[in-house]
Amino acid sequence: MLFGFFLTFGVGVLSAGLRSFQNSYAQKAGALGILAATFLGVYFITGSWMWGFVGAMSWLFLPWLEILTRIRALRLPKEKRLRPKSPPSSDTFPALSEITREIEDEGFVHVGDAGWDWEDYRQFFRLFYREEDRAQAAICLNEQRDFSFYYLRISSRAKGGTVWTTWNYPLSYGLKLTPLFRINRQRPDRSFWQLYQSHRDFLRRNGVNPAAIDPLDEEQIETEMENDLRDQIAHNIHKGVLKQTAAGDVKYSWRGMFYLWCQFLVDLVRL
């Protein structure tokens with residue numbers, strides 16, 4: 001019994017340590033180690049390989065707790081209208097000023113702050129533009145009740161309508177992107193400089209000529225973002241991920257909730 005305890009404890013500690021590394025291979029090994037530690041713990045308690053396997057696999061179904069509670073109750077507006085918005089306080093988003101300076105150091109100009117509020121859900125966008133290569137950048141803060149996170153996004157909007165986007169979105173993305181979007185996803189711990197270099201390489205790999213990128217002013221940037229949000233909602237209603245309620249807003253369908261769970265599994269493998 002003591003052997004089983006110490007073996008399980010050792011695998012668990014090693015897995016937690018691997019998860020703390022800023023390396024995708026180490027984090028993948030850590031995730032597998034957590035499954036192994038759970039398997040060992042349940043196996044040594046029950047003496048059954050089958051129950052050990054069930055215990056390990058239960059981690060894969062853990063997201064359903066959030067899906068069936070918070071996500072199922074979530075309501076979103078069918079049309080998201082951006083408005084000028086004051087930046088969040090330093091207590092809410094202490095890194096905002098530092099990230100702003102980091103983006104401006106790469107030649108981007110701060111063109112405005114915008115966002116939208118809906119019940120207890122809020123989004124804030126700090127928008128930037130770089131005239132030389134017509135690249136848009138944004139600091140995006142999402143807040144809901146006591147949960148919040150931010151990510152960085154760089155976009156180049158081609159004249160044909162294709163939006164080449166590099167971002168470090170930290171969670172499983174909960175909606176399908178429209179066919180016009182091409183995503184270059186990076187790790188959440190990447191600096192803006194790293195994201196920008198990756199974005200430029202992304203454009204080069206796909207043969208995107210800077211001359212083919214639409215020049216935009218501040219008003220156009222906000223208008224295009226608003227159009228993107230509206231088109232995405234419509235696209236997800238069409239795909240069955242979202243459905244319209246009697247009140248006129250939208251919520252996740254059962255197909256959408258299953259899609260969210262599949263996205264979690266994909267991200268777990270791709271981690």
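With the Cα gyration tensor of the range 1-83 giving a ≥ b ≥ c as the square roots of its eigenvalues, does the rule (a/c under 1.5 for rounded; else a/b larger than b/c for prolate; else oblate) give rounded, prolate or oblate? Please list the in-between numbers first.
On the way: a/c = 4.17, a/b = 1.87, b/c = 2.23.
Taking the square roots of the gyration eigenvalues as a ≥ b ≥ c, the range 1-83 is oblate.
Bin width 10 Å, alpha-carbon pairs only: give the P(r) of the chain as whole percents, running from 0 to the bin holding the largest distance.
Each 10 Å bin holds this share of Cα pairs: 6, 23, 30, 23, 11, 5, 1.
Using the Cα gyration tensor of the range 161-271, with a ≥ b ≥ c the square roots of its eigenvalues, what is the shape: rounded (a/c below 1.5), prolate (a/b larger than b/c) or oblate (neither)?
Working: a/c = 2.34, a/b = 1.34, b/c = 1.75.
It is oblate, given that a/c is not under 1.5 and a/b is not larger than b/c.
Decide, for the range 1-159, between rounded, prolate and oblate: order the square roots of the alpha carbon gyration tensor eigenvalues as a ≥ b ≥ c, take rounded if a/c falls under 1.5, and otherwise choose prolate if a/b is larger than b/c, else oblate.
Numbers: a/c = 3.09, a/b = 2.05, b/c = 1.50.
Note, shape of the range 1-159 comes out prolate.
Taking a cut-off of 21 Å between Cα atoms, list the lysines near residue 80, but don't count ones fewer than 8 places away on the same chain.
Correct list for residue 80: 176, 239, 243, 251.
Under a Cβ-only charge scheme (Lys and Arg +1, Asp and Glu -1), can you give me the dipole magnitude of the chain about the Cα centre, in debye to the nearest 20?
Numbers: 33 positive and 30 negative charges, 245 e Å.
Dipole size: approximately 1180 debye.
For the chain, what is the percent of antiparallel DSSP beta bridges, rounded to the nearest 5? Walk me through the numbers before you get to the answer.
On the way: 40 of 45 bridges.
In the chain, DSSP labels about 90 percent of beta bridges as antiparallel.
Rounded to the nearest 0.05, what FRET efficiency do residue 183 and residue 13 have when you use their Cβ-Cβ distance and R0 = 41 Å? Can you show the working numbers first?
Details: r = 36 Å, r/R0 = 0.87.
For residue 183 and residue 13, the calculated efficiency is 0.70.
Read the figures in this text as sums done on the coordinates, not as results from a lab. Quick caveat, the model's predicted, so the values are computed rather than measured. No Cβ is skipped: glycine too gets one built from the backbone with ideal geometry, and neighbour counts run over all protein chains shown.
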